[in-house]
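Readers should treat all values here as calculations from the given coordinates under stated rules, not as data from a laboratory. Values in this document were obtained by computation on a predicted structure and should not be read as measured data. Don't worry about glycine lacking a Cβ; one is built from the backbone with ideal geometry, like all the others, and counts go over all protein chains shown.
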Amino acid sequence: MEIIHLSAECYPVAKVGGLGDVVGALPKYQNKLGHVAKVVMPAYNTKFLHENDFEVVYDGWVRLGSTNYQARIFREKTNKLGFDLFLVHIAGLFDRDGVYGYGDDTERFLAFQITALDWMAQWEHRPDVIHVHDHHTGLIPFMLGNCFQYRHLNQIPTVLTIHNAQYQGQFGWDKLHYLPAFDLIHTSKLDWGNAINPLAAAIKCAWRVTTVSPSYLEEISYAANGLESLLSQERGKSVGILNGIDVEVWNPLRDSMLGKNYNSRTIESGKRANKEELCRVFNLDVEKPLFTFIGRLVGEKGADLLPDIFYNVLQQSDGEINILVLGSGDPHVEDRLNEITYHYQGKYNAYIGYNEQLSHKIYAGADFLLMPSRVEPCGLNQMYALRYGTIPIVRRIGGLKDTVIDIGDGGFGICHDQSSVWDVSYSIGRAYALYKDQKKVKEIKKYIMSLDHSWDKAAQAYIDLYQM
């Protein structure tokens, strides 16, 4: 089976969040199952683009309204990621460092999708499945089914995976002429809320819809930023498949980013050595429990609550805990988190920014990971933490609910029901009490390292879905 994944992100080429991790791993595991999975994504001006060898496989033009853009597609020559990688370069639109956040993002991702389809329309064969991820590629199912120039491709099955329904890529009807020609009787397939909504269009037009956890499929029936009724209507073709993690990249025994490698047998000495390194670098006390947060500092992740939570627990614990933050996002939250450093030196520190290597070191050296998310479709951080023997403290929502069981229910994590300063502070207090029982902590750490959250099961679930 030949599977074409189209996405705005793919680790390690370009990553902003969990979407990049998923698209960087799922195709590799599908290939291991004996299939041919490929990834098509934009060619951003990234380090990966400049440090690897590519060949041109397509050279043409893409038209948006009255503007023509030169478009090329490059193939990475060595298959170093475990799958064929194709980068779509469109002069003037993607020769930039960033992935998102530009005023012409609508034009950028429309041009990307049209170029990818123009290229595939020239192939002498047809792929078995086209799998699109989030709204950035959400117009592909519509164009395949309705645009005249792709008529010969309209029997290729399409699958949409919703990684986050909060972001939908809406734009005005004044840009309808950007799309390749189609019978205007089909404009209703594009419409949601009196705008062209790529995510809504994909939900309507894709042959199957998936979410990145079973619980998230339930949640978006009542919390999907306006798409609730549509998702309920299309529930019959929808399924929740829990994401996995790439256990080759996330392996404490082989991870080259760690100061000391370890497995479940050497976890005590391994985590201790990595914790000592973190505490030395960030001026923290290695003898105290280390609580961490890793991620985007945005409301969805509950990051706006963190400053008040940290002030609260640092004061209540009388300095008997350490806290380390890694992340970036809302400037106001960043400033408040930095401010705490001046009041609690030696007990708290923050690294504002993105640092892949540091994230690995923190998973290895921390005792607890905080995830007070308001929205968490799947969550990968808790799975990374479990893999590295770090106990997650999570809100019961989305994929967090599917992957972490509270110690009070015979499980291995600490869970709370609300994203609030009180709930999270109370959970940190529970974790501190647990930390004092080192025998129990050691048992939990060994157990969670044995849990299997690899992509093997999820990759097969997607194959089964395609074969339907």
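Below, the figures for the structure above:
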| quantity | calculated |
| --- | --- |
| All-pairs alpha carbon distance profile, the range 394-468, 10 Å steps from 0, percent | 16, 38, 27, 14, 5, 0 |
| P(r) tail fraction, the chain - alpha-carbon pairs more than 40 Å apart, % | 22 |
| Separation of alpha-carbon centers, the range 291-360 and the range 147-195, rounded to whole Å | 41 |
| Other-chain or far-sequence residues with amide H under 5 Å of Y58's (modelled H) | I73 |
| Listed residue pairs exceeding 20 Å between alpha carbons, taken from K237/K401; K271/K440; K32/K361; K38/K80; K204/K457; K15/K47 | K237/K401; K32/K361; K204/K457 |
| Reachable aspartates and glutamates from K436, criterion Cα separation under 18 angstrom, eight or more residues apart if same chain | E268, D285, E287, D318, E320, D367, D406 |
| Mean Cβ count within 10 Å, highest first, over the residues of peptides 409-420, 24-35 | 24-35, 409-420 |
| Highest to lowest packing among 433-440, 267-274, scored as the average C-beta count within 10 Å | 267-274, 433-440 |
| As computed over the range 267-452, the Cα convex hull volume per residue (Å³) | 102 |
| Tilt relative to the chain, helix 455-467 - C-alpha long axis, 0 to 90 degrees, to 10 | 20 |
| Mean Cβ neighbour count within 10 Å, used as a protection proxy, ranking 146-154, 379-387, 5-13, 356-364 highest first | 379-387, 5-13, 356-364, 146-154 |
| Dipole in debye (nearest 20) - the range 267-452, about Cα centre, beta carbon charges: Lys, Arg +1; Asp, Glu -1 | 540 |
| Charge dipole (debye, nearest 20) of the chain; +1 at Cβ of Lys and Arg, -1 at Cβ of Asp and Glu | 940 |
| Amide H contacts of G240 (H built 1.01 Å from N, under 5 Å, at least 5 apart or other chain) | T211 |
| Sequence-distant residues sharing a close amide H with A43 (under 5 Å, placed H) | V88, H89, I90 |
| The chain - share of DSSP beta bridges that are antiparallel (%, nearest 5) | 30 |
| At 1.567 mPa s and 4 °C, Stokes diffusion of the range 35-98 via Kirkwood alpha-carbon radius, µm² per second | 103 |
| Residue order, fewest to most surrounding Cβ atoms within 10 angstrom, among F54, F368 | F54, F368 |
